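Derivation of every value follows stated rules applied to the coordinates shown; laboratory data play no part. Just so we're clear, the structure is a prediction, and the values are computed from it rather than from any experiment. We place every Cβ from the backbone using ideal geometry, glycine too, and count neighbours over all the protein chains shown.
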Amino acid sequence: MSLKILKNKTILITGGTGSFGSTAVKKFINSDVREVRIFSRDEKKQEDMRIALKDKRAQFYIGDVRDYQSLDEAMSGVNFIFHAAALKQVPSCEFHPMEAFRTNTLGAENVMNAATKNNVERVVLLSTDKAVYPINAMGISKAMMEKLMISKSRKKSNTLFCATRYGNVMGSRGSVIPLFVDLIKSEKSITLTDPNMTRFLMSLEDSVDLVLHAIQYAKPGDIFIHKAPAATIGDLTKALKELFLAKNSTEIIGTRYGEKLYETLLSREEKTMAQETGKYYRIPSIKSDFNYEKYFIEGQKKISSSDDYTSHNAERLNIKEIKKLLLTLDFIQKALRA
């Protein structure tokens, strides 16, 4: 994805020291961007990133998306915002659902309100497959974030709001692949929930390309999705073991609470109106304003015959193809050399 759209722009990344933020910052700094603002709560990670980058265009802001004032102060003169700050761990959000709501939903509202006040041009909010038919607190809080974004997009504003949805991002914090690699290298048993469970396989670089696509082509209220391939967890485990010539045993423990058998990136209702643009889906927002007939009277027969877009019915990679994809990841290459 071209970085020309970033030329002479000031960018703010919330959660900028996380997996997505770190990858995005490194890529953006190699463009003609005017300034990249890294907004997060973790001063140690900010200091580490500052030392590693050694670039005056990278500016660091300590703050929390729960605190509107800290966001407002960081947004003066900003053109684009990538909102990645979130509570992402399913168990943590289940045990502390209000904390998930305060960060993932109310925090996102703070970002959008501050962006509107500061006349930011465009804001991309990062969502998740768990927001589609949510069964856990993390997914529910992100689903509400999406609904807030669509609602605000219906109002007249100088700021354009849109979102992206991700499935499993390989190599990100909380991703199963680094966990499996650690277990393999420490010669421990690999614990699997269900070998038939499927997940999309998307790289961090793909996730950055997706937000750049969104920032360039979005209309108010759009949600963008990358059409990533998928694999079973069983085949993913076999591919990793073959790459590392590992003989670790495998223990199947069963599906954990709040965990889905497969990821859904498009509901059947969304699939009927989604537009395919190359390797992406674009879900336009319903321009119904406050037309309640869409919910009570009007219907669409094509919704009944449509299907969801899931990791069960997406392109399925075999073990050889999974290995080829894994070898494109820097952290896999480093682990193989270690």
Length-normalised contact order of region 156-254 in % [C-alpha pairs under 8 Å, at least 6 apart]: 43 percent
Scan around MET170 for amide H atoms under 5 Å from its own, H built in the peptide plane at 1.01 Å from N, and keep only partners 5 or more places away or cross-chain. MET202, SER203, LEU204
Mind checking region 178-232 for trypsin sites (Lys or Arg not before Pro) that DSSP puts in a loop (not H, G, I, E or B) and that have at most 13 other Cβ atoms within 10 Å? LYS188
Give me log10 I(q)/I(0) at q = 0.25 Å⁻¹ for region 49-135, Debye formula, one equal scatterer per alpha-carbon, no solvent. -1.24
Please list 3J(HN,Hα) in residue order for region 207-224, calculated via the Karplus relation 6.51 cos²θ - 1.76 cosθ + 1.60 where θ = phi - 60°; whole Hz, with x for glycine and proline. 5, 6, 4, 5, 5, 5, 4, 5, 5, 8, 10, 5, 10, x, x, 5, 10, 10
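Number of Lys pairs in region 115-217 with C-alpha atoms less than 19 angstrom apart, excluding same-chain neighbours closer than eight positions? Intermediate values should be presented prior to the final figure.
Numbers: LYS117/LYS152; LYS117/LYS155; LYS117/LYS156; LYS130/LYS142; LYS130/LYS147; LYS142/LYS152; LYS147/LYS155; LYS147/LYS156.
Value for region 115-217: 8.
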Kirkwood Rh in Å, taken over all unlike Cα pairs in region 11-90: 12.6 Å
Quote the convex hull volume per residue of region 1-42, based on C-alpha atoms, as a whole number of Å³. 60 Å³
The chain, Kirkwood Rh and Cα Rg, ratio Rg/Rh at 0.97
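Can you give me the relative contact order of region 101-220 as a percent, contacts being Cα pairs under 8 Å and 6 or more apart?
Details: 143 pairs, mean separation 32.6, N = 120.
Once divided by the residue count of region 101-220, the mean separation gives 27 percent.
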The ³J(HN,Hα) series, computed from each phi in region 320-334 with the Karplus coefficients 6.51, -1.76 and 1.60 at θ = phi - 60°, rounded to the nearest Hz and given as x for glycine or proline, is 4, 5, 5, 4, 4, 5, 4, 5, 7, 8, 4, 5, 6, 4, 5
What is the extension gain from ASP307 to LEU179, computed as 0.36 nm multiplied by their sequence separation minus the C-alpha to C-alpha distance, in nm to one decimal? 42.8 nm
When only C-alpha pairs under 8 Å and at least 6 residues apart count, what is the relative contact order of the chain, in percent? 15 percent
To the nearest Å, what is the center-to-center distance of region 216-266 and region 10-43, using C-alpha atoms only? 26 Å
5 Å-binned pair-distance histogram of region 77-200 (Cα, whole percent): 2, 10, 18, 19, 16, 13, 10, 5, 4, 2, 1, 0
Divide by every residue of the chain the summed helix terms, -39500 (n - 2.57) for each DSSP H run of at least 4, and state the resulting mean residue ellipticity at 222 nm, rounded to the nearest 500 deg cm²/dmol. -11000 deg cm²/dmol
